[in-house]
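**Student:** After the structure tokens below, expect a handful of questions from me.
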Amino acid sequence: MRNPILEIRNLSAGVEGRQILNGVNLTIYPGEVHALMGPNGSGKSTLAAVLAGRNGYVVTGGEVIYDGINLLELSPEERARRGLFLAFQYPVEIPGVNSTYFLRTALNEIRKFRGLPELDAMEFLELVKAKVQLLGLDEQLLKRSVNEGFSGGEKKRNEVFQMAVLEPRLAVLDETDSGLDIDALRVVANGVNSLRAPDKAQLLITHYQRLLEYVVPDHVHVLVGGRIVLSGGRELARELDKTGYDRFVKPEQGR
């Protein structure tokens, strides 16, 4: 019997004194791609922030089990070492920190945790060149500071590139497709598809189903009012694209 990578059990959480998640339940098994959809303010980005361990978010109930371990007891750094990756909705800039140096350091921290030898500069360069070619990216991004002066699309491409290099066990993409043109969207999709493997999983957080035309999810979930109110297959995303979220939101507003 397969063990899940991630089990979210009745998770409640908030930020700045506001309760946002109200009992989220979600189970993700190895090899699966899940899409989490919902209107603005439904709690999608809050869930991603809680999983990543971002400061300011307070868990008020429930638990999150990651590979059999209580995720909520781990520091953000420990979560990353164990293979949890978050692609931010708004990637941050790190002026003065070279992208290649940053990524090599992150990868070697993960390798050390797994008991693997660190990659030297030449080994790492060979790896990143292969990933750049796989995703169809410009090698010049490796010579720049992390996200500094990048356009929105370049930042998203860079995060997908980081994901491809680090090969996380669980990748959480928080609205990575927002604001992207069709070419950038394909880069994001290629990155996600290149990571699909029997021992890995992805959680795609999005408003729209256009990304799901390129990345076919195994499961689609609708988050409204801090709860998952409906789950289904890819056809659910297409239905939401036509009908919107009104049928879920209006009952919530009437309470």
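FYI, it's all coordinate maths here, none of it is from the lab. Keep in mind it's a predicted model, so treat the numbers as computed, not measured. Cβ atoms come from the backbone with ideal geometry, glycine included; neighbour counts cover every protein chain shown.
**Student:** Using just the alpha carbons, could you tell me how many Å³ per residue the convex hull of segment 1-117 encloses? Walk me through the intermediate numbers first.
**Tutor:** Values: hull volume 16.4 nm³, N = 117.
It is 140 Å³ per residue.
**Student:** Okay, moving on. So if R0 is 35 Å, what FRET efficiency would Val58 and Met122 give, r being the distance between their Cβ atoms, rounded to the nearest 0.05?
**Tutor:** 0.20
**Student:** Could you give the length gained by full extension between Asn98 and Tyr208, i.e. 0.36 nm per residue of separation minus their alpha carbon distance, to one decimal place?
**Tutor:** Extending this stretch completely gives an extra 36.3 nm.
**Student:** Also, I was wondering about something else. Tell me, how many Å apart are the Cα centres for segment 204-227 and for segment 1-64?
**Tutor:** 14
**Student:** Could you go through segment 99-113 in sequence order and give the Karplus-derived ³J(HN,Hα) for each residue, using 6.51 cos²θ - 1.76 cosθ + 1.60 with θ = phi - 60°, rounded to whole Hz, and x for Gly and Pro?
**Tutor:** Result, rounded to whole Hz: 4, 5, 4, 4, 6, 5, 4, 5, 5, 5, 5, 5, 5, 4, 4.
**Student:** A further question follows. Enumerate the residues in segment 217-238 having an amide nitrogen under 18 Å from the point lying 7 Å beyond the Cα of Arg9 toward its Cβ.
**Tutor:** Those under the cut-off are 228.
**Student:** Here's a follow-up. Any of Lys44/Lys242; Lys156/Lys200; Lys131/Lys242; Lys131/Lys156 with alpha carbons more than 27 Å apart? Name them for me. Mind showing how you got there, number by number?
**Tutor:** On the way: Lys44/Lys242 20 Å; Lys156/Lys200 21 Å; Lys131/Lys242 36 Å; Lys131/Lys156 15 Å.
Over 27 Å apart, Cα to Cα: Lys131/Lys242.
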